[in-house]
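J.: The following block contains the structure, expressed as structure tokens.
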Amino acid sequence: AFPAVLLASLFFMDQNISVRVVNNPDNKLKKGAAYNLDMVSLGLITGALSLVGLPWMCGATVQSLNHVRAMTETRFNDETQEAEIVNVTETRVTGFTVHALIAATLGLLPLLGCVPMPVVSGIFLFLGRRLMSGNSFFSRMRDSFVEENRLPDDHPIKFIGRRKTSIFTITQLACLVGLWTFKQNSSTAIFFPSVIGLLMLVRSYVLPKFFTEEELVDLGDPTPE
């Protein structure tokens, strides 16, 4: 029962992280969010899959974000010198098509077995690298080595200084390293969901002791209402 509780926690957080990142206001989605309905559907599907011994379903954050980006229309803003999202085509057709093609590959398993593992790993590396573009965490890591006068006017370094921004970024990096260490160690991997829960405690109780709410807003991490 104890591993089941941890697994349920992982499903809950993975699903919520995926849908909340996809429903980011920057994506300008028009459909209404249905977080509770999503969780009910996930619970029913997970129960059915467990009974017949099939693999569980998860939020698939990387694939979900890449799907949204593939359906996104952007345009270049001459004032900000950045690409801006115009709209996202919201449809279920592409999702069903992708999973139908995945199901169709069952007949190609002997052929897929000939594909070298480095090629498969390269695909996931490419998908992960695509998601890094525009990520505030990686952007701040890069910008910590950039001269301040070359940064955009709305950059957090210009509001709260390089020292505070670096402390926040280093804290995030330490949390990421901790997560990776737990996940890679087979003896502690089962506690991975609990470690994710600890990150919420760090954000809710530790960071507010060192950063004001205004500073957290400037860093792009406002306290949820």
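J.: Filter segment 101-114 for residues that are hydrophobic (A, V, I, L, M, F, W, C) and either open to solvent by 60 Å² or more (accessible area, probe 1.4 Å) or in a strand (DSSP E or B) (or both) and give the result. Outline the logic, then answer.
T.: Taking segment 101-114 and keeping what is hydrophobic (A, V, I, L, M, F, W, C), we get 101-104, 106, 108-109, 111-112, 114.
Residues satisfying the conditions are 101, 102, 104, 106, 108, 109, 111, 112, 114.
J.: Out of segment 90-99, which residues are out of contact with any helix residue (DSSP H, G or I) (no Cβ under 9 Å at 6 or more places or on another chain) and open to solvent by 60 Å² or more (accessible area, probe 1.4 Å)? Steps first, please.
T.: Filtering segment 90-99 for residues out of contact with any helix residue (DSSP H, G or I) (no Cβ under 9 Å at 6 or more places or on another chain) gives 90-93, 96-97, 99.
Of everything in segment 90-99, those that are out of contact with any helix residue (DSSP H, G or I) (no Cβ under 9 Å at 6 or more places or on another chain) and open to solvent by 60 Å² or more (accessible area, probe 1.4 Å) turn out to be 90, 92, 93, 96, 97, 99.
J.: Here is a further query. Cβ contacts < 7 Å: first residue more than 11 Å from residue 164 (Cβ to Cβ), restricted to segment 202-225; second residue in a loop (DSSP other than H, G, I, E, B), any location; separation 6+ or different chain. Result?
T.: Correct list of pairs: 213/223.
J.: Among the residues of segment 63-82, are any of a type in the set (A, V, I, L, M, F, W, C), part of a helix (DSSP H, G or I) and in contact (Cβ under 8 Å) with a residue 60 or more places away in the chain?
T.: Let us first name the residues in segment 63-82 that are of a type in the set (A, V, I, L, M, F, W, C), namely 65, 68, 70-71, 76.
The next check asks that each one be part of a helix (DSSP H, G or I); those that pass are 65, 68, 70.
Restricting the remaining residues to those that are in contact (Cβ under 8 Å) with a residue 60 or more places away in the chain gives 65.
Checking segment 63-82: at least one residue is of a type in the set (A, V, I, L, M, F, W, C), part of a helix (DSSP H, G or I) and in contact (Cβ under 8 Å) with a residue 60 or more places away in the chain.
J.: Out of the residues in segment 160-210 that are of a type in the set (D, E, K, R) and open to solvent by less than 60 Å² (accessible area, probe 1.4 Å), which is nearest to residue 138 (Cα to Cα)?
T.: Our first condition is that a residue be of a type in the set (D, E, K, R); within segment 160-210, this holds for 162-164, 183, 203, 209.
Now drop any that are not open to solvent by less than 60 Å² (accessible area, probe 1.4 Å), which leaves 164, 203.
Numbers: 164: 16, 203: 18 Å.
Here the answer is 164.
J.: Okay, moving on. Restricting to segment 158-194, and then to whatever is small (Gly, Ala, Ser) and over 30 Å from residue 1 (Cα atoms), can you tell me which residue is farthest from the chain's Cα centre (by Cα)?
T.: Of the residues in segment 158-194, the ones small (Gly, Ala, Ser) are 161, 166, 174, 178, 186-187, 189, 194.
Still in the list and also over 30 Å from residue 1 (Cα atoms): 161, 166, 174.
Numbers: 161: 27, 166: 22, 174: 17 Å.
Going through the qualifying residues, I end up with 161.
J.: Taking segment 1-23 only, how many residues are surrounded by 14 or more Cβ atoms within 10 Å (Cβ to Cβ) and either small (Gly, Ala, Ser) or not in a helix (DSSP H, G or I) (or both)?
T.: The number of residues fulfilling the criteria is 3.
J.: Of 83, 48, which residue is within 30 Å of residue 189 (Cα to Cα), surrounded by fewer than 14 Cβ atoms within 10 Å (Cβ to Cβ) and small (Gly, Ala, Ser)?
T.: Numbers: 83 fails: within 30 Å of residue 189 (Cα to Cα).
Residue meeting the stated conditions: 48.
J.: If you don't mind, there's one more thing I want to ask. Any residue at all in segment 131-144 that is more than 24 Å from the chain's Cα centre (by Cα) and either closer than 12 Å to residue 220 by Cβ or part of a loop (DSSP other than H, G, I, E, B) (or both)?
T.: Taking segment 131-144 first, the residues more than 24 Å from the chain's Cα centre (by Cα) are none.
The answer is no, given that none of the residues of segment 131-144 is more than 24 Å from the chain's Cα centre (by Cα) and either closer than 12 Å to residue 220 by Cβ or part of a loop (DSSP other than H, G, I, E, B) (or both).
The values are calculated or read from the model by the stated rules, or taken from the named source; none is laboratory data. These numbers come from a predicted model, not from an experiment. Ideal geometry is used to build each Cβ from the backbone, glycine not excepted, and the neighbour counts take in all protein chains shown. The protein model used for the area step is the full one, side chains on, heavy atoms only, and it has no ligands, DNA or RNA in it. Shrake-Rupley method; radii C 1.70, N 1.55, O 1.52, S 1.80 Å.
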